[in-house]
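Below is one structure, written out as C-alpha cells; comments come after it.
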Amino acid sequence: MPGKKRRAVTTVLLGVAATALAVKGTLASPIGVVAEGPLDKLKHSVDEKKQEALAQSRKALDQAGARLVASIVPFANSGAGPATAPTPSPDNQTRPSAAASAEVPPGRPYRHAFIRRVLIEAAQRHHLDPKLVLALSYWESGWDQTKVSANGAVGLMQVLPATAGEAGPGLLGRSVDVDDPYDNADVGAAILREDLDNFKDPAMALAAYYQGPTSLRQNGMFPDTQEYVQGILDLAGRIS
C-alpha cells in the first residue's frame with residue numbers, strides 16, 4: 001500500500017509539472033505575446049487621459065485663482081488716458097519710457113507698478129485699450145513675468161516661444177525675447193492688435209488670442225473660451 005501511494009503521488013506531481021510547463025510555453029508563445037497587446041493599449045490610453053485631465057485641472061485652477069484674486073485685489077488707477085507712444089531706439093528695439101525705467105526693480109519678481117506701466121505703454125503703442133491689455137495679462141499670468149504654463153507659454157502675456165518667433169519679425173519687424181517683460185508685453189499686444197483688426201470685436205479678438213484664429217473661425221468659441229473672454233471683459237470693467 002505505501003508503494004502504491006508513493007507512485008500515485010509521483011504521478012500527480014508529474015501531471016502538475018507538465019501542466020505548469022504547458023502554461024509557461026503558452027505565455028511565451030507568439031499567441032501569449034499578442035494577448036498582452038490590448039492591455040498595453042489600455043494602459044497607454046489611461047495614461048493619456050490622466051495627463052489630459054491633469055492639464056485641464058491646472059488650467060481650471062489658474063483661471064479660478066485669477067477670478068478670486070481679481071475679486072479681492074483693488075486695481076490702482078491705470079493712467080489709461082491718451083499718451084504719446086515712446087519713440088523706438090535706433091536699433092529698432094522697443095524700450096521703456098523714462099518713468100518705467102525708473103521703476104525697474106533690482107531683481108525679480110517685478111513690482112506691479114512697473115508691470116502696469118510696461119503693459120499700458122505696450123497697449124498705447126498698438127492703439128489698444130490699456131484696461132483690456134491689463135486685464136488680459138492679469139488673467140493670463142497674474143502680472144507675473146516669471147510664470148511658465150504647462151504648455152510652455154511664458155510671461156506677462158503668456159506667449160509661446162514659437163509664436164513669438166513668428167510674431168516678432170512678422171508684426172514688430174524684429175526678434176523678441178519672451179523672457180524680457182518689455183518684449184513680452186509688446187509682442188502680446190501686437191498679437192491682440194492683429195486679432196482685433198481681423199475680427200473687429202474685442203470679445204472675438206480675446207477669443208482668437210486664447211483659442212487661435214483658425215480654430216475660432218472653424219469651430220466658434222469653445223465653452224472654456226467663452227469663460228475666458230467673459231472673465232477678462234468683466235475684469236477690464238473693474239479697472240479704474
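What follows draws every value from the coordinates through simple rules; no lab data is involved. Just so it is clear, the structure is predicted and the values come from calculations on it, not from any experiment. All Cβ positions, even for glycine, are placed from backbone atoms using ideal geometry, and neighbour counts span all protein chains on display.
Under 5 Å between amide hydrogens, built in the peptide plane, is the criterion, and for Val159 it picks out Val154 among residues at least 5 positions away or on other chains. Note that region 123-139 has calculated 3J(HN,Hα) couplings of 4, 5, 4, 9, 6, 10, 5, x, 4, 5, 5, 4, 5, 4, 5, 5, 5 Hz, one per residue in order, obtained from phi through the Karplus relation 6.51 cos²θ - 1.76 cosθ + 1.60 (θ = phi - 60°); glycine and proline are x.
Derived scalar couplings between HN and Hα for region 230-236 equal 5, x, 5, 5, 4, 5, 4 Hz in order, rounded to whole Hz, by the Karplus curve 6.51 cos²θ - 1.76 cosθ + 1.60 (θ = phi - 60°), x for Gly and Pro. In this structure, the amide hydrogen of Trp143, modeled 1.01 Å from its nitrogen in the peptide plane, lies closer than 5 angstrom to those of Tyr138, counting only residues at least 5 positions away or on a different chain. Of the peptides 180-187, 218-225, the order by per-residue mean of other Cβ atoms within 10 Å, starting with the highest, comes out as 180-187, 218-225.
Here the Karplus relation 6.51 cos²θ - 1.76 cosθ + 1.60, evaluated at θ = phi - 60°, turns the backbone of region 141-155 into coupling constants of 9, x, 6, 10, 5, 7, 6, 10, 6, 4, 9, x, 5, 10, x Hz, with x for every Gly and Pro. Placing dummy labels 7 Å off each Cα toward the beta-carbon, the span from Ala113 to Leu160 is 3.8 nm.
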